[in-house]
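The values are calculated or read from the model by the stated rules, or taken from the named source; none is laboratory data. Owing to the predicted nature of the structure, the values given are computational and were not obtained by experimental measurement. Here Cβ is always computed from backbone atoms with ideal geometry, including for glycine, and neighbour counts include all displayed protein chains.
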Amino acid sequence: MFFSYIKFAWRNFKKNKVYTFINIIGLVIGMVCSILISLWIADEWNYDRFHVNRQNIYRILVDTESANSVTKSSTTPNTLGPVLAANYNDITAMTRYVGGFSGWLIRYEDKSFTNDRWAAADPAFFQIFSFPFIVGNPATALQDQQSVVITDKMAQKYFGDNTALGKVIKKDNSDLYVTGVIHIPENSHIQFDYLFPIENMRRWFYQDLESWDVGIFRTYIQVRAGFPGAEVEKKIASIIPEHNPQMKAQLSLQPLIDIHLRTTFPDQCNYQQGNITYVYILSLVALCVLLVACINFMNLSTSRSSIRVKEIGVRKAIGARRWELIGQLLGESVMYALISMILAILIIKLILPVFTTFIGKNLEFLSFSNFKMLFWLTALTFVVGIFAGSYPAFVLSSFTPINTLKAGLVHNVPSHARIRNILVVIQFFTASVFIIGSLVFYQQLYYMQHTDKGYDKDNIVYFYGYGKYMTDYNSAREALLQNPNIESISKAFPPFYPGEEESSDIMWPGKNIDKEFVIYHKIVDFDYLQTFGISMTAGRFFNSEMSTDLDNYVLNETAIKEMGLQEPLGKTITYKGRTGQIIGVMKDFHHTSFHSAISPFIFEMYNGPCYICVKMKPDNILQTLAFIEGKWLEFVPDRPFSYMFFKDAVDNYYHNEQRSMVFARGFTGLAIFISCLGLLGLCSFMVEQRSKEIGIRKVLGASVPGLFYLLSRDFISWVVLANLLAWPVAWYAMHHWLQNFAYRITLNLWLFILAGIITVFIALAMIGLQVLRAAMANPVESLRYE
Amino acid sequence: MIKLVDVEKYYANKFIKTWVLRNINLTIHEGDFVSIMGPSGAGKSTLLHIIGMLDDMSGGEYYFMDEPVHKLNEKKRTAFHQQYIGFVFQAYHLIDELTVYENLETPLLYKKVKTAERKSMIADMLDRFNIVAKKDLFPNQLSGGQQQLVAVARALIINPKIILADEPTGNLNSKQGLEIMEMLKQLNKEGTTIIQVTHDENKAAFGNRIIHLADGYVEKEEQHG
């Protein structure tokens, strides 16, 4: 029986090549999209889940309340971790961690590197986190102050195929002994190349590890297995003010597995933070594309019922039971799904490398050892097959045989028009929501990238100023400026967001001292304004002629506004114990992404080592870069030159949006495409069904445009209805999404109307040809039967 | 074997009932060869379909081998089909995508006949109808008469007690039509009950009873040889 069904289905496929092709293409696209998105989602979702103790690991967050805001942060006072671990039995282990930064010079024999990312942590780090060790013992790897644990990538780079264990690498003049080689999976929010014991931070970073005032570390704790984190949180919530009454801060616990997707503040973790909203949006998109593809299948299959009914009727007349027919029809659609799945897998195999490069993630797909994935793909095949086949199967098998056998007349077949119309509405509803969604997406992204941010981001490279840049900045600067293609050079620390120090240690006349005021701090020099093309609203910027400017401050507009200073120029303020005058007010610029509002900023000059930002002329960038590199070899002979483009760093603020944008655009296109296929099928069915009516109307004198109107009217009204339904949904969703941004576009009605016009136009284009053909056909053809 | 008591059939359309069959009382015995005649719209086909359980009746009682069909559910009726009833249609209604062999096989598959037995039954039938050479052809490769031959063979393969034929020769030329009628006559002699619907007096004469329908009533019945 089974084989006879397969044979039959196969002949049917071959006999109706176009129909089969349309059906399969729709399913394939649906599957490819949803599988690709699922791979991405699974990857995002699995962040940090490889740690054995993941359920019991928490990161400590600090909520600082101040007059102007509540700031959430993951950096904790340096000594918080040890104090917690010593005083609470429920906390079984604790580690502080800082890292992910590069720039330190590491030497091995005669080789030197600066672009490896360092990290520091307490010895319990490898007890809490289960990064797989390739060699070395996790329990003892960080015990000795001179030990260092490196990643497999770094081991390969430094030592090649030689054993890494016990090798000595040099940080400045200190020796570090490799005690372990680990592998860090890509989906870990902790990313570094080498990790050394935290004690070293005293000498290399001048950190007071017992301080309650300073905090550069993240603190992770592991609680007793099965012990509720909320309990611990309650106990430790207000521990900071107990030790440091100056600081109005509350502690909270963030589960490890929430860090990647549910951290709502910019984490400064030096890895690409995720966003649960995009996981939800894309899950929904994947589901919708699949749904649209299934609906497409249903529509096409039922619209072909006129062809199938005779066969079904005969089968009933010669003894088929209804469930056997349902089984046969479902079997066929599962077979469709299976063929589609095989094609989808092949396509994914082909495009995965492009896809992964594009989204910047390494996704694994279907190795045969991966039974879980095989299982899911098989399950997906059956779900799609059965779901897509269900409606046609039940419809076709429900026909009374006798109605289907009367000389195979089409108009005797129940048309189930209502359900098919609903399906069309669902398809176009989805398409319309997608279109509106991506238009809004695109508008917001365009707005963020093209609105004047108040500074110039193009043609600026930055690097950390070592060597002569540190010892004799002015002559190094002069040497660079000799090149006419270099417009301006400035120091900045940090060069861009994040990294700014935030402090509430600021005083000004008239400050309400009961309320904390948090201000961001940036180190600049004279040419900062010129280099970044920022302007002043009042007063003047730092000037090299004025030696006293080292003591003065410049604030931004937001700071002046939030501090409530009426005539700021000349006012004396005290920042971190140093008193100086406000000499100017800088025009606000968007120091970070449009997600956040502009914060108050204080700028000061500084003579020490800093990032060097070089603004170049747009022409001959490569030569200019070569020139800068040549100078670097001269000024900093012991370090390789490494630089970044400022624009890349800034654009990275919108990494998530940009990536989602491309997803959204692609899938919108595909959803529309699949909907079109469905409409095509439906329309040909309708034309077939109404060919007699068309013939009669023509004989009675109907014109071609009149017929066209008559035939397309229904479809277009369904598409319009779908749009009307889609508008509120899309409005709600996009309004919600836009709340993510402090600076955002307003939703325009014309956007919705545009989506409507697009869908109607597409629908007209799809049905136009067939309807025209029917309207123009010779009526004798269709009436001959009667 | 078949007993119809006051069978009626109508289509209800809003407030108007359109009557197709009324007061049909009919008894058909095993071994009968019944021809149903009548003008277009007399209800011939509907009566045949009701007897064949392909269509529901609106009222009355129908006993098939003493079972009250009007009280049976769909499952039971399908079981009756499979066991006792073979159909032959005017338009042959072979399944286009299946070969002659497979068309003959399909009813047996639905009846869950074992493979070996199935093969010998099909082989017998091909032999008996002299279509062994055609077994791998598709219906559209056969002439109308040959297709109807296959359709009769398909109806017979489940070894039915009764064959219902709805204008079996309506689409055939006279020579082919005659062959099919001879075939049915032969089957009847071998013991199969046959009910056919026809327009054609000559074809009707192959039966031993002719029932004339008009406007949904049984007008008269003739007995033949």
Hey, does region A:550-559 have a residue that's surrounded by fewer than 17 Cβ atoms within 10 Å (Cβ to Cβ), free of Cβ contacts under 8 Å to residues at least 60 places away in the same chain and outside any loop (DSSP other than H, G, I, E, B)?
yes
(1) among the basic types (Lys, Arg); (2) in the same structural domain as residue A:199 (by TED's automatic domain parsing); (3) assigned to a helix (DSSP H, G or I): which one isn't true of residue A:7, the others all being true?
(2)
Residue hits (region B:44-70; among the aliphatic types (A, V, I, L, M) and buried (at least 18 other Cβ atoms within 10 Å of the Cβ)) are B:47, B:48, B:50, B:51, B:53, B:54, B:57, B:69
Need pairs with beta-carbon distance below 8 Å; first residue of a type in the set (Ser, Thr, Tyr) and within region A:250-268, second assigned to a helix (DSSP H, G or I); sequence gap 6+ or separate chains.
A:252/A:233
Going through B:98, B:47 one at a time, which residue ends up being within 10 Å of chain A (Cβ to nearest Cβ), in contact (Cβ under 8 Å) with a residue 24 or more places away in the chain and at negative phi?
B:98
Picked from region A:271-301 (must be touching a residue at least 40 places away in the same chain (Cβ under 8 Å), assigned to a helix (DSSP H, G or I) and among the aromatic types (Phe, Trp, Tyr)), the residue nearest to residue A:337 (Cα to Cα) is A:297
Given the criteria out of contact with any Pro (no Cβ under 7 Å at 6 or more places or on another chain) and either within 11 Å of chain B (Cβ to nearest Cβ) or not in a loop (DSSP other than H, G, I, E, B) (or both), does residue A:363 qualify?
no
For region A:321-328, does any single residue satisfy the condition of being more than 24 Å from residue A:382 (Cβ to Cβ), free of Cβ contacts under 8 Å to residues at least 60 places away in the same chain, within 14 Å of another protein chain (Cβ to nearest Cβ) and in a loop (DSSP other than H, G, I, E, B)?
no
Looking at (1) surrounded by 19 or more Cβ atoms within 10 Å (Cβ to Cβ); (2) touching a Lys or Arg at 6+ places or on another chain (Cβ under 9 Å); (3) closer than 30 Å to residue A:141 by Cα, find the lone condition where residue A:274 falls short.
(3)
If we keep only residues of region B:98-133 that are surrounded by 19 or more Cβ atoms within 10 Å (Cβ to Cβ) and of a type in the set (D, E, K, R), then the residue farthest from residue B:157 (Cα to Cα) is B:102
Test residue A:441 against the criterion of being within 30 Å of residue A:682 (Cβ to Cβ) and either crowded, with 17+ Cβ neighbours inside 10 Å or in contact (Cβ under 8 Å) with a residue 60 or more places away in the chain (or both), and give yes or no.
yes
Restricting region A:390-416 to residues that are away from chain B (no Cβ under 14 Å) and modelled with pLDDT under 70, which is farthest from residue B:95 (Cα to Cα)?
A:416
Only one residue in B:201, B:167 is within 14 Å of chain A (Cβ to nearest Cβ), modelled with pLDDT under 90 and out of contact with any helix residue (DSSP H, G or I) (no Cβ under 7 Å at 6 or more places or on another chain). Which one?
B:167
Considering every residue within region B:118-125, establish whether at least one is out of contact with any Ser or Thr (no Cβ under 6 Å at 6 or more places or on another chain), more than 14 Å from chain A (Cβ to nearest Cβ) and of a type outside the set (A, V, I, L, M).
yes
Taking the criterion of being out of contact with any Leu (no Cβ under 7 Å at 6 or more places or on another chain), part of a helix (DSSP H, G or I), surrounded by fewer than 17 Cβ atoms within 10 Å (Cβ to Cβ) and at pLDDT 90 or above, would at least one residue in region A:49-65 satisfy it?
yes
Hey, could you check region B:126-147 for residues that are in a loop (DSSP other than H, G, I, E, B) and of a type in the set (S, T, N, Q) and say which is farthest from the other protein chains (Cβ to nearest Cβ)?
B:130
Those residues of region A:709-719 which are in contact with a helix residue (DSSP H, G or I) (Cβ under 8 Å, 6 or more places away or on another chain) and either crowded, with 17+ Cβ neighbours inside 10 Å or among the basic types (Lys, Arg) (or both), in sequence order
A:711, A:712, A:715, A:718, A:719
Number of positions in region A:197-230 that are among the hydroxyl-bearing types (Ser, Thr, Tyr) and crowded, with 17+ Cβ neighbours inside 10 Å:
2
Residue, surrounded by the fewest Cβ atoms within 10 Å (Cβ to Cβ), within region B:71-95, restricted to residues that are charged (D, E, K, R) and more than 8 Å from chain A (Cβ to nearest Cβ):
B:71
Look at residue B:72 and say whether it is under 24 Å from residue A:399 (Cα atoms), without any contact (Cβ under 8 Å) to a residue 24 or more places away in the chain and touching a Phe, Trp or Tyr at 6+ places or on another chain (Cβ under 8 Å).
yes
In this structure, does residue B:34 turn out to be surrounded by 22 or more Cβ atoms within 10 Å (Cβ to Cβ), more than 14 Å from chain A (Cβ to nearest Cβ) and either among the polar types (S, T, N, Q) or under 19 Å from the mean Cα position of the chain (by Cα) (or both)?
yes
Given (1) among the β-branched types (Val, Ile, Thr); (2) out of contact with any helix residue (DSSP H, G or I) (no Cβ under 7 Å at 6 or more places or on another chain); (3) within 10 Å of chain B (Cβ to nearest Cβ), where does residue A:356 come up short, assuming only one miss?
(3)
Flagged in region B:82-112 as in a loop (DSSP other than H, G, I, E, B) and closer than 13 Å to residue A:317 by Cα, in numbering order, are B:89, B:92, B:93, B:94, B:95, B:111
At least 1 residues that are β-branched (Val, Ile, Thr), in the same structural domain as residue A:59 (by TED's automatic domain parsing) and modelled with pLDDT of 90 or more in each: list the strands (runs of 3 or more DSSP E) lying fully within region A:134-227 that qualify.
A:147-151, A:168-171, A:174-182, A:217-223
Of the numbered conditions (1) within 14 Å of chain B (Cβ to nearest Cβ); (2) in contact with a Ser or Thr (Cβ under 7 Å, 6 or more places away or on another chain); (3) among the charged types (D, E, K, R), residue A:59 fails exactly one; give the number of that condition.
(1)
Within region B:151-170, can one find any residue that is in a helix (DSSP H, G or I), in contact with a Ser or Thr (Cβ under 8 Å, 6 or more places away or on another chain) and aliphatic (A, V, I, L, M)?
yes
Considering only region B:167-193, state which residues are in contact with a Lys or Arg (Cβ under 8 Å, 6 or more places away or on another chain) and under 14 Å from residue B:34 (Cα atoms).
B:181, B:192, B:193
